[in-house]
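Step one of this worksheet: look at the structure below.
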Amino acid sequence: MVTTSHAKCRQCGQARHKIARFNICQGCWEETKPSIRAYWRGIKERRALRRAVDTHVREQQELRSREELQMAMTKPSVSKNGKLAGLWDAIREGKLPADQRETAIARIRTEGVPAFGSEERGLYMSLFRGRERNEWQDNMIARLYSDSDVPVSEIMRGLSVDANEVQTVRKRRHLGTREDTKPFRPSAHMLENEELVIDSGQLLFRDGVTGLLRPVWTEDPKPPEPEPEPQPAPPAPEPVPVPVASLEERRAAAGRTRTGRFLLTPEQEAEVVRLYQDRNVPVDEIKKAYGIASGGHMYSILKRHGISPRSPYNKPPEPIGNVDMTQHLVVVAGPPPTHEPHQLNLGQAPLIEEVRGMTKAVEQITAALAVPANVTERAWAITYVATATTLVNAPTLDEAVRKLREKHGADVDIVQIQRT
């Protein structure tokens, strides 16, 4: 099946191929192609020119850096009036006396330390070989590093030392870094516009605006207090042997058995049994009063006295209404008594005398209300009305009522009907 493209050229409006470039037809593409290719060619030329310019700039920067480095290596580090020319010659030829090295170092520092990598820098560093340690300078470096907030770069500039000298003093004096010193609370503080200078062998802070001088420390450092020598400890007295009681003796003294339970006397066990037989006294109250920790200990006491555990199935029947223990109807004046269930705590349990009195009173009442043996029993017709709810399945209400009357009789009194 031949498919026809319904796409139109965006320039002339004629039919074009559906995947034509720039959404134009072949004729319009032949006319537009030279200008588009000229535009692409211009983009490529500009990119090539930009790459050439970047390469030229980078080469010139590298050349300038090499020339500056070469000039720094070949340029002598002397002052304009040539004050240090003779000193460099003396150091180079080895004619500088050993006792004049300190003076030469101070003179070079005054005129300016040579740059790194130059010949004069090597001659300057050779003056430190075999040089004796300057204790004053080492002390100042150590104190400035540990007891002031002067930056390390300012210490190096003010004392004319390098980083290696500072690290050497730190290692020799066993000084930790400022970052590791917690808390770091120096006594000397350097302000923002101040610099460190040395005047007549004294370290001072000089204000860069006003030129005023002030000492770095207002007072001399206090020598560390000597640590007290440890005194020998007095000899410890020999321990006195203490007789250790056996395990059975300790258990007997604590009133416990081998399993950790408290021992009860026979009188206490009898009282526990009596309270247990009274169902109004909770078992937890009995255990708490006599220190019985587990139920196993409780049941072992009951087992020794032949008492069965409490159970809802062996609960004795309670007399209700007008029916006595012989299950015969008796005549009682007035409404039937109401029994409200209540629970007694251990302290509220009746005493033995009260229980005996109550038992005797119940026996007397039972004997008075008992039916004599020579009375003939008769038949009594009792009519009663009971209310019950029955679920009846029927399609209609009338059908449900009819089924109910067929099952229970026509004299059934219907009180309420509810649809489920």
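Specify the residue that is least open to solvent (accessible area, probe 1.4 Å); the eligible residues are those in segment 131-145 that are touching a residue at least 12 places away in the same chain (Cβ under 8 Å) and out of contact with any helix residue (DSSP H, G or I) (no Cβ under 8 Å at 6 or more places or on another chain).
Once the filter is applied, the top-ranked residue is ARG143.
Open to solvent by 60 Å² or more (accessible area, probe 1.4 Å) and either modelled with pLDDT of 85 or more or farther than 30 Å from LEU123 by Cα (or both): does that describe ARG16?
Against the criterion (open to solvent by 60 Å² or more (accessible area, probe 1.4 Å) and either modelled with pLDDT of 85 or more or farther than 30 Å from LEU123 by Cα (or both)), ARG16 does not qualify.
Scan segment 259-270 for residues that are modelled with pLDDT of 80 or more and either assigned to a loop (DSSP other than H, G, I, E, B) or open to solvent by 60 Å² or more (accessible area, probe 1.4 Å) (or both) and jot them down.
Hits for segment 259-270 are THR265, PRO266, GLU267, GLN268.
The values are calculated or read from the model by the stated rules, or taken from the named source; none is laboratory data. Note that the structure is predicted; figures quoted are calculated from it, not measured. No Cβ is skipped: glycine too gets one built from the backbone with ideal geometry, and neighbour counts run over all protein chains shown. The accessibility values were calculated without ligands, DNA or RNA, using every heavy atom of the protein model including side chains. Shrake-Rupley method; radii C 1.70, N 1.55, O 1.52, S 1.80 Å.
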